[in-house]
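Structure record follows, encoded as structure tokens.
The values are calculated or read from the model by the stated rules, or taken from the named source; none is laboratory data. Please read all numbers here as calculations on a predicted model, not as lab measurements. Don't worry about glycine lacking a Cβ; one is built from the backbone with ideal geometry, like all the others, and counts go over all protein chains shown.
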Amino acid sequence: MENTQERLTFIETKLAYLEDFVNTLHHIVLEHTEVIDKYKAENKQMREKLEEMAAAITDIPGARPPHY
């Protein structure tokens, strides 16, 4: 019986550590998801700004044609 109790205690301890580990990973994943979403939004803004700048450059009068 004592051997069974020791094994059960060992398993419960291991489970507690695993639950803590999973919770820690969950919080890290949530933080990383927020950071990735922020970077995606910044990337989208920069892409839109570059498209605006590219459109403004092509509208410059007297600009050389692309084959020069």
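Structural remarks
- Flag if His67 is modelled with pLDDT of 85 or more, of a type outside the set (Asp, Glu) and out of contact with any strand residue (DSSP E or B) (no Cβ under 6 Å at 6 or more places or on another chain): no
- Selection status of Met46, modelled with pLDDT under 95, part of a helix (DSSP H, G or I) and not basic (Lys, Arg): no
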